Structure formats: structure tokens, C-alpha cells
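The next block holds one structure in the form of C-alpha cells; read it before the comments.
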Amino acid sequence: MKQIFVTKPSLPRLEEFQTSLARIWKSEYITNNGEFHKELEAKLAAYLGVKYVSLFSNGTLALITALQALGIKGEVITTPYSFVATTNSLLWNGVKPVFADVNSNNCNIDVEAIESAITSETTALMPVHVYGVPCEMEKIESIAKKYNLKVIYDAAHAFGVQHNGQSVLNYGDLSILSFHATKVFNTIEGGAIISHTKEMKQKIDNLKNFGIIDELTVVDAGINAKMNEVQAAYGLLNLKHVDEEILKRKKCHDLYVELLKDVAGVDFLDISEVKGYNYGYYPIFIKDDYALGRNDLYDLLMENGIYSRRYFYPLISDFPIYSNIESANRSNLKNAAVLTESVLCLPMYAELEEEDIIAITNLIKNPIK
Ligand SMILES: *Cc1c(COP(=O)(O)O)cnc(C)c1O
């Protein structure tokens, strides 16, 4: 039986990568802000339309370091409907996550729920642009201003996404990206912090390199989260093809919509208003009037060699390390609870074939065991 995976990484062309590797071997400079690293930071800043990019070895260390750079303590209001790295970064900083419910239409944190979760301990907000759909950033930032809070966006899904004619990454105090193999743009493992001033970029760059300023000076208890030259070179090659990759993903997305739009009990994410959408995921939401439950559909697809992903399920707030926090109670997270029980992300990647999408959607239309 043919297997259809839920995602496949975009790989650079092998010959091009070999040429880059030959350059690295010749230079004998393999990490610590080398030529490829500098070039990738500059090209990403230009591509994304942002001021400063600091590359990281992964998105989670970027999140952890972003919180360090802003000196975040106390409580941070965030979403239960995300990947667990979002809130693990808070625990690594000794910060208490406070969960706020999400909007049922776009899966992003609900601004009203944010405002009611604020206490005297709140120091920051950490919203996530889930599936690359921008949060309500104007409202979030007016709340932040009113209560004097920092805003760190987990923009791991929002590569290239625009809002009001500019990158979503220009909002908030800091945003982080992930360049993990499963993301639209990947450096195998990797990530970045986007900052808006030279001073902040400098601070972040020091923090990701042990807090070292120069040979004799260490100013912060930094970590080691640097991206190496091999990954930066790989990233530069992937960046050349990322627009083409996104276009191919869009074609998959449009075919899914076409084939599933009339299926009773299947809901979609509305991305029609999103500029620069990157088609990173294709979530559907299985309602009560569908022929099967969500988990049964997941199993049926699996029995037919099709891997889908319940992303995000369970809620972060359901994991034992979080479930004893008061705000983790599902009665506080009603919309998130419905989404997590109904979501199914279907296979989505640039090289996904039309016949595969037809096979997947035929099964969803006729879910016979
Ligand atoms: C992928 C992801 C991360 C973590 O990024 P890594 O590069 O895998 O460490 C964080 N948050 C969200 C929402 C993600 O999807």
C-alpha cells in the first residue's frame, strides 16, 4: 500500500548543497557567525521585510532566549492551543503560564480572555499565530500598552505572513520563527528571533553565545543556541525556492478546498483575508454531523496508508506538567476544548500529488471501513 505522509521537508538541490559544502570545507570556518550565517540573516531580513534577524539552532531556544532578553518573570498569558514548546519555554524561565481561551473561528488567542486573565503578576503576553493566521495584533498590543506588558509572538507558523501591508513579525516586542524540517522554510533544525532595534539584536546575539561580548567579557548567563554554517548554507538554498514551494502548497490547498467544500460535517479554516499566507498546514474540523468521530477518521486514514495529524491535540493545558494550573481547567478553555477534539491536519507539502489529494478526499467523502 502506498504511504502518504503528513509532511515532507523541502530539501535544497543536492548539487547546490555540495557546492556550498565545498566552500565551507575550503574556508574551514564551520560555526560562530560565519559568512553563510551573516548572509542568511541579511537575506531573511530582506525577504521577510524585518529589521533584525538573529538565527538560532532551533525555535524553542529562540523562545527561551526571547523571554531572557526581555527579563520576563511572574505570569505570562498564553494559549493552550499550540505546540508544547510555546509554554515549555515559560517553565524553562521559571515563569507561570496562564492559559486563555481561543477564538473558535481562527484558533488564535481570544483578546477578551486575555484581558480577564491579567493579574498583578502578569508581565507579558505570548500569543501564537496558529497555522499562520495572524492574531488580532492591534487589540493585543493596546491591551499590552494599557497594562504595561511585553508581547512575544510565537510566529513559528507565520513565515512570510503579512498584516496591514507589512510582516506580522514587525508587531510586538519580539517574534520567534522555527525552521524545523516540518515548517514551510527549514534549515533542518533552526529558528530565529526578530527584533526591532540594533541594541536588542546585540543583546540577543550575546545571549545565544554564552553572554560573551569579547575575549575578556561575559555580561549575561547566556546559552549556546547558535546556528552553524552547514545549516545556514542549507537555509540559503531553501530560501531561493521558498516562493515556489509556497505556490505548490497553495495548489494543494485549493484542490482540497474544491474537493471537500460540500462535505457535511467538515469545517475549514478561513484564510481568505490573510496576506502572504504560507499554506503550512491544512487543518479540517470534524463536527458532530459528520459520519465518523475525528479519531475514527484518523484511524481510517491510517488504515489506508494516509498519515494525518491531530495538531493540536491534546491541549497543552491537558499535559500533567500543566494540568494543575487553575487556568488549565477545560471550563476556562471551552473553545480550545472543542477545537482540540475536532481538528485533523491533512497531508500538506509542496510535492504532495494531485492523485493523493483525490484519494484522501474520496475517503473523507465516503468513510467506509
Ligand atoms: C515548531 C514550533 C515550535 C518549536 O520550534 P522548534 O524549531 O521545533 O524548536 C514552537 N512553537 C510552535 C507553534 C511550533 O509549531
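The values are calculated or read from the model by the stated rules, or taken from the named source; none is laboratory data. None of these values were measured; they are calculated from a predicted model. Don't worry about glycine lacking a Cβ; one is built from the backbone with ideal geometry, like all the others, and counts go over all protein chains shown. Side chains included, ligands, DNA and RNA excluded: accessible areas come from the protein's heavy atoms. Shrake-Rupley method; radii C 1.70, N 1.55, O 1.52, S 1.80 Å.
Adding -39500 (n - 2.57) for every DSSP H run of four residues or longer, then dividing by how many residues the chain holds, sets the calculated 222 nm ellipticity at -12000 deg cm²/dmol. Every Cα-Cα pair of the range 84-159 was included, and the share exceeding 14 Å stands at 60 percent.
Among the listed pairs Lys201/Lys226; Lys208/Lys248; Lys51/Lys226, a Cα-Cα separation exceeding 23 Å is found for Lys208/Lys248.
Applying D = kT/(6 pi eta Rh) to the range 1-144, where Rh is the Kirkwood radius over alpha-carbon pairs, T corresponds to 37 °C and eta to 0.692 mPa s, the Stokes-Einstein value obtained is 180 µm²/s. What range in the chain is the longest one free of GluC sites (Glu not before Pro) that are in a loop by DSSP and have at most 16 other Cβ atoms within 10 angstrom? My reading of the result: 122-214 is the longest stretch.
Of Lys146/Lys334; Lys96/Lys150; Lys43/Lys240; Lys183/Lys251, which sit over 19 Å apart, Cα to Cα? Over 19 Å apart, Cα to Cα: Lys146/Lys334. Residue by residue, the range 36-51 carries 3J(HN,Hα) couplings of 5, 4, 5, 5, 5, 4, 5, 5, 5, 4, 5, 4, 7, x, 10, 6 Hz when phi is fed to the Karplus relation 6.51 cos²θ - 1.76 cosθ + 1.60 (θ = phi - 60°); x denotes Gly or Pro. Taken one residue at a time, the phi angles of the range 297-312 give Karplus couplings (6.51, -1.76, 1.60, θ = phi - 60°) of 5, 4, 5, 4, 4, 4, 4, 9, x, 10, 8, 10, 9, 7, 10, 10 Hz. Gly and Pro are set to x.
Rolled with a 1.4 Å probe across the full set of protein chains, the surface gives Thr217 an accessible area near 50 Å². For the chain, with all protein chains in place and a probe radius of 1.4 Å, 53% of the accessible heavy-atom surface sits on carbon or sulfur. Counting only protein chain heavy atoms and rolling a 1.4 Å probe, the accessible areas of Asp220, Asp288 rank, largest first, as Asp288, Asp220. Using 1/(1 + (r/R0)^6) with R0 = 35 angstrom and r between the beta carbons of Glu215 and Trp92, what's the FRET efficiency to the nearest 0.05? After rounding to 0.05, the efficiency reads 0.75.
Computed from the alpha carbon atoms alone, the convex hull of the range 243-316 holds 129 Å³ per residue. Taking the square roots of 5 times each eigenvalue of the Cα gyration tensor of the chain, largest first, gives ellipsoid semi-axes of 33, 28, 17 Å.
Debye-formula intensities of the range 106-228, expressed as log10 I(q)/I(0) at q = 0.12, 0.13, 0.18, 0.21 Å⁻¹, are -0.53, -0.61, -1.04, -1.22 (one equal scatterer per alpha-carbon, no solvent).
Principal axis extents of the C-alpha atoms in the range 242-365 (largest first, rounded to whole Å): 45, 34, 25.
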